[in-house]
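Peer 1: Dumping the structure here so I can ask a few things about it.
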C-alpha cells in the first residue's frame, strides 16, 4: 500500500495530482477522528503496560539495596501491592477519584449516602466511544489503576527489613483505598486544589509525595533497624552503613523504572498527539514528544547532580546515590513534564539529584532509617518538583503549588501516622528481634531467596 496516499485521504488533505484515489472504498470511510481515537487508546494502554513494568523496577531496586536475608520479603510485598492497588482501585478508588461531580469540593461525596454510590467500576453511557473521551473508559481505568498501585510501592522500601508483612498489607490496603484517591480527586478529579490552580501533571505530589508521607510515618513508628546506629567511644550516636546485597540488581531496577517512567509521564498526556496544538489537538502545554524529552533530561541531570554531590561529600562517586539521583530527577520532573523547557528540565533534575544526596545524609543524621532512600526520592524531591512548576513554567503560581504540597501533607502524614500507630497498638508492626536478625525471609515466609547461600548477621 502507498502510505502517502493513505495518509492524504485519512487526514483530509488533498492527494497529490500524480496519485489516483484509493481503489478500496472501505478505506475512505475511516475518519481522521476515528484514527486519532484508536491511536490515543492504544498509546494509553501501552503506557499502562510501561507503568506496570515499574513494579518490577521497584522490586529489583528495593531488594538490591537491602540484605539478601530479606529478599523474599521485599519481593512478596511488591507482588502483593500490585494486587492490592488494582483491586482496591476497582472497588472504590476509581469512583472516589473521579466521581463526576463535586467540582471544587474537598471530598468527592457530600454524605455517607453519596459515598455508597462510588463503589464499583462500570462504564457510563458512551464509555467505550469518543463520547466519553479521546480513549475508552476501560483504558482510563487501567491506566489510573497502575498509578494507585505505585503509591503503595513507595512505602515498601522505606519500612524494609523490619515490618510484619501482614501489618504492611493492611496499611497499604487502607492507604491506597482511601487516602490516595482523595488526594487524586483534589486535582485530577476537579476538586478544591484544581480550583485553586494547583498543577501536577503526572503526580510528583499526588503519587510520589502521597507515598513519601506514608513512608515517613512508617519510619517514625517502626524505628531504625537493629545495628543501624551505634555508639562511639565518646558516647556519640552515629549511623552505620548497612550495605545492600546486590548493586547489579539495584541498577537493573533503576533502568526498569526509568523505562517505565516514559509511560508514567508520557501516558499522562492522555493522547498520542506528538505536540500540543489548537482545537481537536489541544492536549495541554505539550504532547508526548515534549514529555519524553523532559523525562529523559530530568533523569540524566539527576544522575549528574547526585554524582557530583556524593563525590564532593565522600571523595568518591557513590553508585547508590547515582541510582537514586536518576529517580530523584524523574520524580522532580513529573509535576511539570508537559510544561518545562529543555533547559528547565535539566535544572530541575540537576537540583533534584543534589537534594536527594543532602536529604539522605540529613535523615541518617536525624536517626531516620530509610534503607532505600524512599523518603528522600519520593517525598523530598516530589515536593521540590511540585514547587519547581511555579518557578520554571507558566502552568501554575508558586503559591498554588505550595498550597497543594501543604494540603497533601496535612491529610497524608497524620492519616499514615494514625494507621501505623493503630496497627502497632493492636496487632504489632515490627517483627521480633530474633526474626530481624535471622532475616524476614525465614521469619515471615519460611523460605530463602538464595537457597544454600543465605548469610545471617547478628546485628
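What follows draws every value from the coordinates through simple rules; no lab data is involved. In this text the structure is predicted, and so the values were computed from the model without any measurement. Methodologically, a virtual Cβ is constructed for each residue, glycine included, from the backbone with ideal geometry; neighbour enumeration extends over all protein chains shown.
Peer 1: In what order do 79, 121 fall by count of nearby beta-carbon atoms within 10 Å, going from fewest to most? Kindly include the intermediate steps, with their values, before the conclusion.
Peer 2: Working: 79 12, 121 15.
So the ranking, lowest neighbour count to highest, is 79, 121.
Peer 1: To continue, here is another question. Based only on other Cβ atoms within 10 Å, what is the fewest-to-most ordering of 435, 125, 190, 62?
Peer 2: Details: 435 16, 125 8, 190 19, 62 27.
The most exposed by this proxy come first: 125, 435, 190, 62.
Peer 1: For an R0 of 51 angstrom, estimate the FRET efficiency from the Cβ-Cβ distance between residue 31 and residue 410 and round to the nearest 0.05. Display every interim value, and only then the final one.
Peer 2: Values: r = 48 Å, r/R0 = 0.94.
Efficiency at R0 = 51 Å is approximately 0.60.
Peer 1: A further question follows. Subtract the Cα-Cα distance of residue 255 and residue 83 from 0.36 nm times their separation in residues, and report this length gain in nm to one decimal. The partial results should precede the final answer.
Peer 2: Details: separation 172, 0.36 × 172 = 61.92 nm, distance 2.32 nm.
Result: 59.6 nm gained on full extension.
Peer 1: Another one. Using only Cα atoms, locate the centre of region 381-403 and the centre of region 360-379, then give the distance between them in Å, rounded to an integer.
Peer 2: For region 381-403 versus region 360-379, the Cα centre distance is 23 Å.
Peer 1: Right, here's the next one. Going highest first, how would you order 92-100, 378-386 by mean Cβ packing within 10 Å?
Peer 2: Values: 92-100: 21.1, 378-386: 29.8.
The packing order, highest mean first, is 378-386, 92-100.
Peer 1: Shifting gears a bit: For the chain, what's the relative contact order in percent, using C-alpha pairs closer than 8 Å and at least 6 residues apart? It would help to have the intermediate numbers written out before the result.
Peer 2: Details: 890 pairs, mean separation 101.1, N = 459.
It rounds to 22 percent for the chain.
Peer 1: Run the quick spin-label model on residue 358 and residue 448: label points 7 Å from Cα toward the beta carbon, then report their separation in nm to one decimal.
Peer 2: The modelled label-to-label distance comes out at 4.5 nm.
Peer 1: Using the C-alpha gyration tensor of region 308-426, what are the square roots of 5 times its eigenvalues, in whole angstrom, with the largest one first?
Peer 2: Details: eigenvalues 127, 104, 19 Å².
Working through the eigenvalues yields semi-axes of 25, 23, 10 Å.
Peer 1: Give me the distance between the Cα centres of region 408-425 and region 151-167, rounded to whole Å.
Peer 2: Between the Cα centres of region 408-425 and region 151-167 lies a distance of 14 Å.
Peer 1: Using a simple spin-label model with points 7 Å from Cα along the Cα→Cβ vector, what separation in nm is obtained for residue 402 and residue 131?
Peer 2: 4.7
Peer 1: In nm, to one decimal, how far is the residue 229 label point from the residue 293 one, both placed 7 Å along Cα→Cβ?
Peer 2: For the pair residue 229/residue 293, the computed spacing is 4.7 nm.
Peer 1: Order of 231-244, 341-354 by packing, highest average Cβ count within 10 Å first?
Peer 2: 341-354, 231-244
Peer 1: Which three extents, in angstrom, do the Cα atoms of the chain have along their principal axes, listed largest first?
Peer 2: Cα extents, longest axis first: 88, 55, 49 Å.
Peer 1: Moving on. Could you work out how much longer the chain between residue 430 and residue 238 gets when fully extended? Use 0.36 nm per residue separation minus the Cα distance between them, nm to one decimal.
Peer 2: Working: separation 192, 0.36 × 192 = 69.12 nm, distance 2.27 nm.
Full extension of this stretch gives 66.9 nm more.
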